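Visitor: Input: one structure, supplied below.
Read-outs throughout are calculated quantities, based only on the coordinates presented, and are distinct from any laboratory measurement. Since we're looking at a predicted model, the values are computed, not measured. Heads up, the Cβs are rebuilt from the backbone with ideal geometry, glycines too, and the neighbour counts pull from every protein chain shown.
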Amino acid sequence: MFKTLMITAVIILVIGWTVYGVWAFITARMEKDKPKKITEHLNKVKKSFDDYVKKLQNYKRTPYQHK
């Protein structure tokens, strides 16, 4: 009786873990194919960085004046 119960439990566990592994693999693949969401904060940071780079490109350094 105990042996039958343990064999049944092991079979159910193997089936469960197999189903879970297949489900995790399929969802990971679906997530990889989706485009990533770009948040508003990320857009603001990219825009401010681009503005800063443009500002630095136009910057003209004045030479140091020796006294």
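Visitor: For the pair Lys67/Asn43, report the inter-label distance in nm, with labels modelled 7 Å from Cα in the Cβ direction.
Guide: Going from the Lys67 label point to the Asn43 one covers 5.1 nm.
Visitor: Could you give the size of the charge dipole of the chain about its Cα centre, using +1 on the Cβ of each K and R and -1 on the Cβ of each D and E, expressed in debye and rounded to the nearest 20?
Guide: In total the dipole reaches around 680 debye.
Visitor: Here's another thing I want to ask about it. Name the chymotrypsin sites (Phe, Trp or Tyr not before Pro) in the chain that are in a loop by DSSP and that have at most 10 other C-beta atoms within 10 Å, would you?
Guide: Passing sites in the chain are Tyr59, Tyr64.
Visitor: Once the piece of chain linking Met6 and Val22 is laid out straight, how much longer is it, given 0.36 nm per residue of separation minus the C-alpha distance between them?
Guide: Gain in length upon complete extension: 3.3 nm.
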